[in-house]
Amino acid sequence: MKPLELIVCVKQVPDPEGPAQAFRVDSEAKRVIPEGIFPVMNPFDENALEAALRIKDRLEARVTVLSMGEKLAQPVLRKALAAGADDLVILIDEQFKDLNSYSTAYVLSHVIRRLGAFDVILTGRQAGDWDFGVTGLLIAEMLQIPMINLARKVETKDGSVLVEKLCDGGYKVVKAHMPVLVTVSSEAGELRYPNVRALVDAKKRPVKILNAADLELDPQRLMGRTIVSLAAFNGERRCTFAEGETPEDKAASLVALIRKDGIL
């Protein structure tokens, strides 16, 4: 029986767990600049990779991880190989800098077609930097395949996928025929942690690296993200003490201050 072909799209982002003070806002350049923050695999994409690996645990399947960007760190992406992915394809080019969601989906869908037949594409529900949450949906539209979003569990059976899709108050089970794209939420579970041997072996595994010229892309469809304005919040801080001779007086003073500020 032919193994299932699973493709997982991942994005490299600045570590969302980094402290807020490590991110500097350049209002003139309209950029958020992380300082001293290491790049990581987008957490939601890690959830998608874990969903793919769980399918591989149960059935014969191949997992191909696909990532694109301007400056990609191979050690970050090789984590996918260490976790259990079979192949890693990296698309790296200056032309991929700050692409909008439509252009990102265009490049990824173009490459997916070139990779050949596939059964399931998995992406994170959104990215940990811009949080747009539309790239996966656009890929499905461009490939003209069914799409299920906000998955907390993904299973495959008899040429179809069964997805527990999050909804208000719980989840519902949705079925779709392959090929299909599924966007995965954090409820699907964290990516398994690879052991030391797997991490060492991943450094030796071959990686396929392509640039824009290799892909024969239409340059008119590579459009940058448009930011109208970007500014850091500079809220004024002030400290006011609730005065009073007794605890009761201080409590009354505090309530008066809260009412004055419109909190109550």
Would you confirm whether any residue within region 187-198 is within 24 Å of THR104 (Cβ to Cβ), surrounded by 18 or more Cβ atoms within 10 Å (Cβ to Cβ) and in the same structural domain as MET68 (by TED's automatic domain parsing)?
yes
Could you give me the residue pairs with C-beta distances under 8 Å whose first residue belongs to region 242-262 and is in contact (Cβ under 8 Å) with a residue 12 or more places away in the chain, whose second residue is in a loop (DSSP other than H, G, I, E, B) wherever it lies, and which are 6+ apart or on separate chains?
LEU254/ALA242; LEU257/THR240; LEU257/ALA242
Among the listed residues GLU70, GLU46, GLU50, which satisfies the condition of being over 30 Å from ASN234 (Cα atoms) and without any contact (Cβ under 8 Å) to a residue 60 or more places away in the chain?
GLU70
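Listed here are the residues, each with its yes/no results for (1) farther than 26 Å from ARG31 by Cβ; (2) surrounded by 19 or more Cβ atoms within 10 Å (Cβ to Cβ); (3) not acidic (Asp, Glu); (4) not assigned by TED's automatic domain parsing to the domain that holds PRO206.
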site: PHE96; (1), (2), (3), (4): no, yes, yes, no
site: LEU99; (1), (2), (3), (4): no, yes, yes, no
site: TYR102; (1), (2), (3), (4): no, no, yes, no
site: LEU115; (1), (2), (3), (4): yes, no, yes, no
site: ARG125; (1), (2), (3), (4): no, yes, yes, no
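Here is a yes/no grid of residues against (1) within 14 Å of the chain's Cα centre (by Cα); (2) modelled with pLDDT under 95; (3) buried (at least 19 other Cβ atoms within 10 Å of the Cβ):
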{"site": "MET1", "(1), (2), (3)": "no, yes, no"}
{"site": "ASP15", "(1), (2), (3)": "yes, yes, no"}
{"site": "ILE33", "(1), (2), (3)": "no, yes, no"}
{"site": "VAL89", "(1), (2), (3)": "no, no, yes"}
The one condition LYS250 fails out of (1) out of contact with any helix residue (DSSP H, G or I) (no Cβ under 7 Å at 6 or more places or on another chain); (2) loosely packed, with under 13 Cβ neighbours inside 10 Å is (2)
Scanning for something surrounded by fewer than 23 Cβ atoms within 10 Å (Cβ to Cβ), touching a helix residue (DSSP H, G or I) at 6+ places or on another chain (Cβ under 9 Å), modelled with pLDDT of 95 or more and assigned to a helix (DSSP H, G or I), does region 54-71 turn up at least one residue?
yes
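The values are calculated or read from the model by the stated rules, or taken from the named source; none is laboratory data. Only a predicted model underlies this, so the values are computations on that prediction, with no experimental measurement involved. Cβ: placed from backbone, ideal geometry, glycine included. Neighbour counts: every protein chain shown.
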